[in-house]
Every structure is written in C-alpha cells, then in structure tokens.
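Undergrad: Have a look at this one.
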Amino acid sequence: MILLFRGRGISRGKATGQLLVSPAPISFLSGVDPDTGIIVEKGHPLDGESITGRVLAFSHGKGSTVGSYVLYALARNGKAPAAIINGRADPIIAVGAIMGKIPMVDEPEVGIIRLRNGAFATVDGSSGEIEYEGELLPEPGG
C-alpha cells in the first residue's frame, strides 16, 4: 500500500529510504556520533542504531544549538539520514537539515507514531509531501 500525505516543507530536496522511527526526541550533540552516524545516547530507545541513509522520523530535537553543526558534519561525512520527518521542527534540527542539504518535512498529516520502522518513505522537502509504502500502525489508544 502506498500512501501520500502532506506536511510542511522545511529543507528542500527529495530522498527515499527505510524509516527509522524514534519514540523519543533526539539530541545530535553527544547523542549521535558524527563520524559513524550511530545513535550513542545511553538510554535512548534507538541507542546503537545507525541513522545513515535512513528516513529519520522523530517528534523534535533536544539539546544544544551545536546539534545543527553535528547534522552538517554527518552530511559532510556521508553519514547523515537520507531525510528527516519531525512532528514539530525546532530551529536546531531545521538549521542543521538546511546546512546539510537533508530533505526535511514537519507536521505530517499522519502522526509519526503511526509510521513503521523499516517501511520505505520518500520525503519531498520542497513540496512537503511524504510518500509512505506500507501499513500504518493503529492510532494510540484505539
């Protein structure tokens, strides 16, 4: 099943990849290794997962403004996510995505918690469209 839904385009470009959905916010400063693209934040639900080449979906960022530069460093090192989907973009993640030329969309019509890890998605940061290949998870509490 292929679903098309809209969000708000934040960083231009278009990319496809396998989804990595985080149930928790992500800090790029000290939470993601810029040399490997691995989440290294102890206790984070995705600790040990690689974001490289994946469509990274998470509610919002957290932490220092230096996180923008970590996203940029990930892009320069070839370890960045293919694209980012945020529930609500914050300036740290938005600036990092723009600097790193990582397509980004926020405020999707379908909640991030309904997206399945491993499904494929195409994110178009210019139009705000997300093409999702797979079944959605049920509404929480429903």
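The values are calculated or read from the model by the stated rules, or taken from the named source; none is laboratory data. Nothing here was measured: the structure is a model prediction, and the numbers come from that model. Cβ placement follows ideal geometry from the backbone for every residue including glycine, while neighbour counts extend to all protein chains displayed. For accessibility, only protein heavy atoms count, side chains too; no ligands or nucleic acids. Shrake-Rupley method; radii C 1.70, N 1.55, O 1.52, S 1.80 Å.
Undergrad: Filtering the stretch 53-75 down to residues that are out of contact with any Leu (no Cβ under 6 Å at 6 or more places or on another chain) and in a helix (DSSP H, G or I), which residue is surrounded by the most Cβ atoms within 10 Å (Cβ to Cβ)?
TA: Applying the filter and picking the extreme gives 71.
Undergrad: May I pose another question? For the stretch 86-142, please list each of the strands (runs of 3 or more DSSP E) lying entirely inside it that holds at least 2 residues being among the hydrophobic types (A, V, I, L, M, F, W, C), open to solvent by 10 Å² or more (accessible area, probe 1.4 Å) and in contact (Cβ under 8 Å) with a residue 40 or more places away in the chain.
TA: none
Undergrad: Of the numbered conditions (1) in contact with a helix residue (DSSP H, G or I) (Cβ under 8 Å, 6 or more places away or on another chain); (2) in a loop (DSSP other than H, G, I, E, B); (3) more than 15 Å from residue 24 (Cβ to Cβ), residue 79 fails exactly one; give the number of that condition.
TA: The one condition residue 79 does not meet is (1).
Undergrad: Just one of (1) open to solvent by 60 Å² or more (accessible area, probe 1.4 Å); (2) part of a loop (DSSP other than H, G, I, E, B); (3) at pLDDT below 95 trips up residue 47, so point out which.
TA: Here residue 47 meets the rest and fails (3).
Undergrad: Out of 13, 78, 31, 9, report the one residue that is at pLDDT 95 or above, farther than 19 Å from residue 117 by Cα, surrounded by 20 or more Cβ atoms within 10 Å (Cβ to Cβ) and not polar (S, T, N, Q).
TA: Unique residue meeting the criteria: 31.
Undergrad: Also, quick follow-up: Starting from the stretch 45-64, take each residue that is without any contact (Cβ under 8 Å) to a residue 40 or more places away in the chain and under 19 Å from residue 91 (Cβ atoms) and list its partners that are part of a loop (DSSP other than H, G, I, E, B) and open to solvent by 50 Å² or more (accessible area, probe 1.4 Å), counting only C-beta distances under 8 angstrom and pairs at least six apart or across chains.
TA: 60/88; 63/29; 63/30; 64/29
Undergrad: Still on this structure: Please work out if residue 37 is open to solvent by 20 Å² or more (accessible area, probe 1.4 Å) and either within 24 Å of residue 133 (Cβ to Cβ) or over 14 Å from the mean Cα position of the chain (by Cα) (or both).
TA: no
Undergrad: Any residue at all in the stretch 20-27 that's in a strand (DSSP E or B), more than 15 Å from residue 74 (Cβ to Cβ), open to solvent by 20 Å² or more (accessible area, probe 1.4 Å) and in contact with a Ser or Thr (Cβ under 8 Å, 6 or more places away or on another chain)?
TA: no
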